[in-house]
Amino acid sequence: MEKNHVEPVVRLDRKLKYTGTILKIYEDTVIANGHEAHWDFIHHDGAAAVVAVTDEGKLLMVRQFRNALNRETLEIPAGKLDDPNEPKIECAYRELEEETGYRCENLEYLMSMNTTVAFCDEAIDIFLARNLIPSHQHLDEDEIIYVEEWALEDLEELIYSGKMTDAKTVAAILAYARKYRNA
């Protein structure tokens, strides 16, 4: 099968339009398919997330209000890097304890993902935590997070019924189920 010759996209310029608390928004000027275009680009320093599994095999989930959706969501614990050079595994250890009130001695790498490739470079590494050790939450003053234990099958039902839509959480739960269901 013969491929059509396509010119590569070339970025001519990138202009910072907005700097927020967790992201920067740019306007890129590109040449795409021989035409000049203006594309939005959002930079995010990165994040880490954790599938935290209790000794009974339940997953610790966090319920919190998400302003972008104007509702509460059920998610795996996660958070942004404190610094762009912070190792993601260190962020994962911190966020596990901050959000759930549990810690662990060893995190296992599960997967990496980009959340929104069309316009954002956010990259999240997801880890698995077992042998959880009770500690206590360390929430930011504007955070309200409820910790809940869920059976894997019930979380899968939320995913397949369209009630759970957070990309990192869906990907992490399905990856965990595929890799560890019968382990």
**Index of the failed condition, GLU98 passing every other in (1) out of contact with any Gly (no Cβ under 8 Å at 6 or more places or on another chain); (2) in a helix (DSSP H, G or I)** = (1)
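Are any of the residues in the stretch 58-66 more than 16 Å from the chain's Cα centre (by Cα) and under 27 Å from ALA151 (Cβ atoms)? So that I can check it myself, show each step before the final result.
Here is the first cut: in the stretch 58-66, the ones more than 16 Å from the chain's Cα centre (by Cα) are 58-59.
Restricting the remaining residues to those that are under 27 Å from ALA151 (Cβ atoms) gives 58-59.
Within the stretch 58-66 (the criterion being more than 16 Å from the chain's Cα centre (by Cα) and under 27 Å from ALA151 (Cβ atoms)), the answer is yes, since at least one residue qualifies.
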**Fill in**
Residues of the stretch 124-151 being within 23 Å of TYR180 (Cβ to Cβ) and outside any loop (DSSP other than H, G, I, E, B), in sequence order, are ILE124, ASP125, ILE126, PHE127, LEU128, ALA129, ILE133, PRO134, VAL147, GLU148, GLU149, TRP150
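Every residue, every condition in (1) out of contact with any strand residue (DSSP E or B) (no Cβ under 8 Å at 6 or more places or on another chain); (2) open to solvent by 20 Å² or more (accessible area, probe 1.4 Å); (3) small (Gly, Ala, Ser); (4) within 15 Å of ASP45 (Cα to Cα), yes or no:
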{"site": "TYR109", "(1), (2), (3), (4)": "no, yes, no, no"}
{"site": "VAL117", "(1), (2), (3), (4)": "yes, yes, no, yes"}
{"site": "GLU122", "(1), (2), (3), (4)": "no, yes, no, yes"}
{"site": "LEU132", "(1), (2), (3), (4)": "no, yes, no, no"}
{"site": "HIS136", "(1), (2), (3), (4)": "yes, yes, no, no"}
{"site": "ILE145", "(1), (2), (3), (4)": "no, no, no, no"}
**Fill in**
Among residues of the stretch 160-176 being open to solvent by less than 20 Å² (accessible area, probe 1.4 Å) and of a type in the set (A, V, I, L, M, F, W, C), the residue farthest from SER112 (Cα to Cα) is MET164
**Item:** Residue satisfying condition, being touching an Asp or Glu at 6+ places or on another chain (Cβ under 7 Å) and modelled with pLDDT under 95, within set ASN33, ASN67
**Value:** ASN33
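Does ASP154 satisfy being assigned to a strand (DSSP E or B), modelled with pLDDT of 95 or more and either open to solvent by 60 Å² or more (accessible area, probe 1.4 Å) or of a type in the set (Asp, Glu) (or both)?
Working: assigned to a strand (DSSP E or B): no; modelled with pLDDT of 95 or more: yes; either open to solvent by 60 Å² or more (accessible area, probe 1.4 Å) or of a type in the set (Asp, Glu) (or both): yes.
Considered against the rule, which asks whether it is assigned to a strand (DSSP E or B), modelled with pLDDT of 95 or more and either open to solvent by 60 Å² or more (accessible area, probe 1.4 Å) or of a type in the set (Asp, Glu) (or both), ASP154 comes out as no.
Can you find a residue that is among the polar types (S, T, N, Q), modelled with pLDDT under 95 and within 17 Å of ALA48 (Cβ to Cβ) anywhere in the stretch 100-115? Lay out the reasoning, then the answer.
Within the stretch 100-115, the subset among the polar types (S, T, N, Q) is 100, 106, 112, 114-115.
Okay, now just the ones that are also modelled with pLDDT under 95, so 115.
Okay, now just the ones that are also within 17 Å of ALA48 (Cβ to Cβ), so 115.
Looking through the stretch 100-115, at least one residue is among the polar types (S, T, N, Q), modelled with pLDDT under 95 and within 17 Å of ALA48 (Cβ to Cβ).
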**Asked** When the residues of the stretch 151-171 are filtered to those that are more than 23 Å from ASN70 (Cα to Cα) and in contact (Cβ under 8 Å) with a residue 40 or more places away in the chain, which remaining residue is nearest to the chain's Cα centre (by Cα)?
**Response** LEU152
**Request:** Report whether or not ASP154 is touching a strand residue (DSSP E or B) at 6+ places or on another chain (Cβ under 9 Å), charged (D, E, K, R) and under 12 Å from MET61 (Cβ atoms).
**Result:** no
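The values are calculated or read from the model by the stated rules, or taken from the named source; none is laboratory data. What you see is a predicted model; the values in this text were computed from it and never measured. Glycine gets a Cβ as well: all are built from the backbone with ideal geometry, and neighbour counts include every protein chain shown. Side chains included, ligands, DNA and RNA excluded: accessible areas come from the protein's heavy atoms. Shrake-Rupley method; radii C 1.70, N 1.55, O 1.52, S 1.80 Å.
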